[in-house]
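Below is one structure, written out as structure tokens; comments come after it.
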Amino acid sequence: MSGNSQIGTVPSPVAMVIDTPDGSTNTWNMKGTADFHGILVTVGDSTLTRTSRIHGALYCSGTITNKGNGSCAEIN
């Protein structure tokens, strides 16, 4: 997922679940300057890059990698 479009808002957060069959690569890679508002659940790894941020909660069964260079925390 990339770009500069915000996903969800504070008054209208979203819930996203990424679950794919066993043995496949399950990766959430959010890049760009977009903000995600809500709850994100991943079965697999999660990577945050650039200045993207999650406002809410991130539940990840794999590894969370923070490669962001934002001026504030990537997970709020």
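The values are calculated or read from the model by the stated rules, or taken from the named source; none is laboratory data. Please read these numbers as outputs of a predicted model, since none were measured by experiment.
What the table shows:
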| quantity | calculated |
| --- | --- |
| Within the stretch 1-37, tally of residues that are at negative phi and modelled with pLDDT of 75 or more | 20 |
| The one condition in (1) at pLDDT 85 or above; (2) under 15 Å from Asn76 (Cα atoms); (3) β-branched (Val, Ile, Thr) that Ile54 fails to fulfil | (1) |
| Top-ranked residue of the stretch 28-59 - restricted to ones that are assigned to a loop (DSSP other than H, G, I, E, B) and aliphatic (A, V, I, L, M), ranked as farthest from Asn4 (Cα to Cα) | Val43 |
